[in-house]
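Enquirer: Below is the structure I would like to discuss, written out as structure tokens.
Nothing in this text is a laboratory measurement; each read-out follows from the coordinates by a stated rule. Worth saying up front: this structure is predicted, and the values here are computed from it rather than measured. As a convention, Cβ positions derive from the backbone with ideal geometry for all residues, glycine included, and neighbour counts pool all protein chains shown.
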Amino acid sequence: MRGWLALIFFSLCFQPLAFAQKLAPIDIVFDIDWTTFYSVEASQKDDKTLLVEGKLYRPTDHLGEVIQTLLQRHPEIRVSFFSGGERSRNEALLKQVFLPDGRSLKDIAYKILSKEHLTVLSQDETVHFSKRNKKVLDAHIPDWNPRRTILIDDQPEFARPPLKAVASLGLFNFLKGFDPALVEQKYFPPSEGEWHIERKKALLWLRMIEASLQEADRSGKDFSDVTETTWKNYRSRTCQQIFIF
């Protein structure tokens with residue numbers, strides 16, 4: 001009997017490294033402002049607009065569906081949120097957006113990190129906020145692995161190495177419908193096609209995250225490195241056409 005127990009023990013100890021890595025967490029950390037949520041002008045309110053602490057916000061289209069898909073298909077994924085906003089605001093926003101199964105973003109979040117969790121490098125307010133404050137995970141997600149973690153942020157410079165970040169792909173203010181009268185203004189889409197891409201950015205995240213997971217598993221490369229490459233390749237016209245729904 002002891003011999004069988006010893007055999008089982010040693011077989012477990014020497015499972016292939018790839019098997020162990022497959023079970024290790026993949027951390028996807030989402031920013032909030034201009035990534036998973038927009039600030040919204042009163043003229044652009046729709047049925048998904050939220051009023052939180054006196055301000056209007058609108059979740060990115062498909063956000064709940066995309067996150068539920070990631071969690072269902074990839075049980076190793078942990079979804080967290082890290083925003084430079086106040087904790088009360090961040091939690092109120094996440095509490096009001098739901099997955100198709102009825103859970104809120106607050107319910108499924110592994111960690112919700114806010115302004116108080118930023119690492120402050122400088123108090124000089126003439127320096128851009130994202131340069132004097134950094135998103136550092138060590139104290140807040142102690143078992144995070146830089147090789148298996150990515151931050152999705154409209155300002156990737158918030159990430160302090162070894163944390164890697166990719167741009168959220170959002171470029172424009174939220175518009176409930178394309179408005180040709182605004183094409184010359186800053187932060188508004190210059191074409192209806194660009195407006196459609198903005199509205200579908202969460203679907204792009206899903207496709208690129210899943211493509212990165214598949215390539216990392218196939219090649220043995222770090223998920224964070226593969227994701228960076230996938231995001232960079234998207235910027236080519238060919239890849240945009242591949243990823244557009």
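Enquirer: Give me, ordered by chain and number, the residues 5 or more places off LYS164 or on other chains with an amide H under 5 Å from its own placed amide H.
Expert: The list, which skips near neighbours in sequence, is LEU151.
Enquirer: Here's something else I'd like to know. Extending each Cα 7 Å along its Cβ direction at SER219 and TYR110, get the distance between those two points in nm, one decimal.
Expert: Result: 2.2 nm between the two label points.
Enquirer: Taking 30 Å as the cut-off for C-alpha to C-alpha distance, list the pairs among LYS45/LYS164; LYS135/LYS201; LYS131/LYS176; LYS95/LYS232 that go past it.
Expert: As for pairs spanning more than 30 Å Cα to Cα, those are LYS45/LYS164; LYS131/LYS176; LYS95/LYS232.
Enquirer: May I pose another question? Within 10 Å of each residue's Cβ, count the other Cβ atoms and sort SER104, SER88, SER83 from fewest upward.
Expert: Fewest to most other Cβ atoms nearby, the residues stand as SER88, SER104, SER83.
Enquirer: Report the extension gain between GLU194 and SER122 in nm, rounded to one decimal, defined as 0.36 nm multiplied by the number of residues separating them, less their alpha carbon distance.
Expert: 22.3 nm
Enquirer: Just to be sure I follow the definition: excluding the sites themselves, where is the longest run in the chain that has none of the trypsin sites (Lys or Arg not before Pro) in a DSSP loop with at most 11 other Cβ atoms within 10 Å?
Expert: Counting only loop sites that pass the neighbour cut-off, the longest clear stretch is 1-185.
Enquirer: Shifting gears a bit: Just to check I understand the Karplus step: with θ = phi - 60° and J = 6.51 cos²θ - 1.76 cosθ + 1.60, what whole-Hz values come out for segment 46-55, glycine and proline as x?
Expert: Running phi through 6.51 cos²θ - 1.76 cosθ + 1.60 with θ = phi - 60° gives 9, 6, 9, 6, 10, 9, 10, 6, x, 10 Hz.
Enquirer: Still on this structure, please answer the following. Mind checking which aspartates and glutamates have their Cα closer than 18 Å to the Cα of LYS186? Skip sequence neighbours fewer than 8 apart in that chain.
Expert: ASP33, GLU41, ASP154, GLU194, GLU198
Enquirer: Using 1/(1 + (r/R0)^6) with R0 = 45 angstrom and r between the beta carbons of GLU184 and LEU23, what's the FRET efficiency to the nearest 0.05?
Expert: The pair GLU184/LEU23 has a calculated efficiency of 0.30.
Enquirer: Same structure, new question: Per residue of segment 119-130, what does 6.51 cos²θ - 1.76 cosθ + 1.60 with θ = phi - 60° give for ³J(HN,Hα)? Whole Hz please, x for Gly and Pro, Karplus curve as stated.
Expert: 8, 8, 9, 8, 9, 6, 6, 7, 8, 4, 3, 6
Enquirer: Right, here's the next one. Quick one: TYR57, TYR234, TYR187, TYR110, fewest Cβ neighbours within 10 Å first, how do they rank?
Expert: TYR187, TYR110, TYR234, TYR57
Enquirer: State the label only: which of (i) 1.12; (ii) 1.07; (iii) 1.51 corresponds to Cα Rg over 2.2 N^0.38 Å computed from the shown model?
Expert: The listed entry that was calculated here is (i).
Enquirer: Figure the gain on full extension for HIS74 and LYS232 (residue separation times 0.36 nm, minus the Cα-Cα span) and round it to one decimal in nm.
Expert: 54.6 nm
Enquirer: Follow-up. Based on the Cβ-Cβ distance from ARG132 to LYS55, what FRET efficiency comes out when R0 is 25 Å, to the nearest 0.05?
Expert: Given R0 = 25 Å and the Cβ-Cβ separation, E is 0.60.
Enquirer: What residues have an amide H closer than 5 Å to that of ARG78, excluding those fewer than 5 places away on the same chain, when H is modeled at 1.01 Å from N in the peptide plane?
Expert: Those lying under 5 Å, H to H, from ARG78 are ILE26, ASP27, ILE28.
Enquirer: Given a 10 angstrom Cα cut-off, can you work out which residue in ALA181, ALA202, ALA92 is the most mobile in a GNM of the chain?
Expert: Residue with maximal mean-square fluctuation among ALA181, ALA202, ALA92: ALA181.
Enquirer: What is the set of long-range amide H partners of PHE37 at a cut-off below 5 Å, with H atoms built 1.01 Å from backbone N?
Expert: Under 5 Å from the amide H of PHE37 lie the amide H atoms of THR60, each far enough along the sequence or on another chain.
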